[in-house]
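Report on one structure; see the data block that follows.
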Amino acid sequence: MGQKDLGEASALFAVPADKPDYHGHRDRLRARFLANAESLPDYELLELLLFAAIPRRDTKPIAKALLKRFGSFGEVISASPDDLKDIEGIGDSAAVVLKAVQAAAQRLLQTKVKSGPVISTWNDLIAYCTAQMAYQPIEQFRALYLDRKNKLILDEAQQQGTVDHTPVYPREVVKRALELNASALIVVHNHPSGDPKPSRADIEMTRKIKEAAAAVNITLHDHVIVSRGGHVSFRTEGLI
């Protein structure tokens with residue numbers, strides 16, 4: 001084969017300058033997503049999300065670095081923008097894309113919770129609370145105020161605390177219920193440690209809220225603790 005023939009062969013198999021070596025990979029990944037989104041592992045789903053924000057770079061190493069740093073897809077999209085940008089390749093645009101996915105998931109789950117009686121959409125409620133709170137780095141206490149048909153009136157963050165403690169004031173919780181003309185409530189808080197097991201302080205605080213609510217004919221349906229490691233329902237555990 002002559003020098004000219006070698007040059008033509010090299011040109012035939014060369015990657016065009018405007019199509020880097022990951023160009024075909026992106027097309028194939030998009031096709032696989034459209035065919036069966038659930039089949040994609042976490043790192044490939046992250047790759048797909050990063051395509052638009054990082055158009056001229058292979059996003060696979062970035063996706064894998066995110067998972068190595070944070071541990072799971074849920075942990076990645078729940079991380080703070082500053083923490084996300086600690087990963088090489090993640091700038092403002094990529095951080096916005098990832099946080100937008102978290103916000104969209106929370107909005108979708110909140111819509112499901114609002115669609116009917118909370119008691120009959122319990123799994124949706126747990127999914128919503130988990131998405132909203134389970135990955136937070138500090139404790140947060142929320143109250144879900146319900147009407148006579150157990151439909152959600154308002155989901156409201158009451159207090160934020162430290163990594164292992166949130167100050168809760170039962171009178172304030174009940175006062176807010178009266179302001180909203182609520183007939184019942186569900187309280188929720190998270191354990192950043194990952195262990196949803198209730199502490200003695202959690203049990204005592206729940207007792208005080210139940211007593212304060214009962215004094216004005218408001219029902220405390222449940223207290224739920226959510227965490228990375230799962231959730232605990234006080235009612236299911238016989239603690240209410």
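All of the numbers you see were taken from the coordinates with simple rules; none came from a lab. It should be emphasised that the depicted structure is a prediction, and the values quoted were computed from it without experimental measurement. So basically every Cβ, Gly included, is an ideal-geometry build from the backbone, and we count neighbours across all protein chains shown.
Quick look at the numbers
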quantity: The stretch 13-131 shape via C-alpha gyration tensor axes, a/c threshold 1.5; calculated: prolate
quantity: Length-normalised contact order for the stretch 124-233 - Cα pairs under 8 Å, 6+ apart - percent; calculated: 30
quantity: Max mean-square fluctuation residue, GNM over the chain, Cα-Cα springs under 10 Å, options HIS221, HIS191, HIS25; calculated: HIS25
quantity: The chain - charge dipole about Cα centre, Lys and Arg +1 at Cβ, Asp and Glu -1, debye rounded to 20; calculated: 620
quantity: Using alpha-carbon coordinates, inclination of helix 3-13 to the longest axis of the chain, degrees; calculated: 20
quantity: Backbone HN-Hα couplings from phi across the stretch 230-239 [Karplus 6.51/-1.76/1.60, Hz, Gly and Pro as x]; calculated: x, 9, 10, 9, 4, 5, 4, 7, x, 9
quantity: Packing-based ranking, highest mean first, of 80-89, 94-103, 123-132 given that Cβ atoms within 10 Å are counted; calculated: 123-132, 94-103, 80-89
quantity: Helix-derived mean residue ellipticity, 222 nm - over the chain, DSSP H n ≥ 4, -39500 (n - 2.57), to 500; calculated: -15000 deg cm²/dmol
quantity: Counted charge near GLU237, where neighbours are those whose Cβ lies closer than 12 Å (Asp, Glu -1; Lys, Arg +1); calculated: 0
quantity: Cα gyration tensor category, rounded, prolate or oblate, for the stretch 101-240 with a/c compared to 1.5; calculated: oblate
quantity: Cα gyration tensor shape of the stretch 97-160, rounded if a/c is under 1.5, else prolate or oblate by comparing a/b with b/c; calculated: oblate
quantity: Sequence-separation-based contact order of the stretch 173-239, relative, with Cα cut under 8 Å and 6+ spacing, percent; calculated: 41
quantity: Antiparallel content of DSSP bridges confined to the chain, in %, to 5; calculated: 70
quantity: Computed FRET value (nearest 0.05) for ASP195 with ARG30, which takes r as the C-beta separation and R₀ as 35 Å; calculated: 0.35
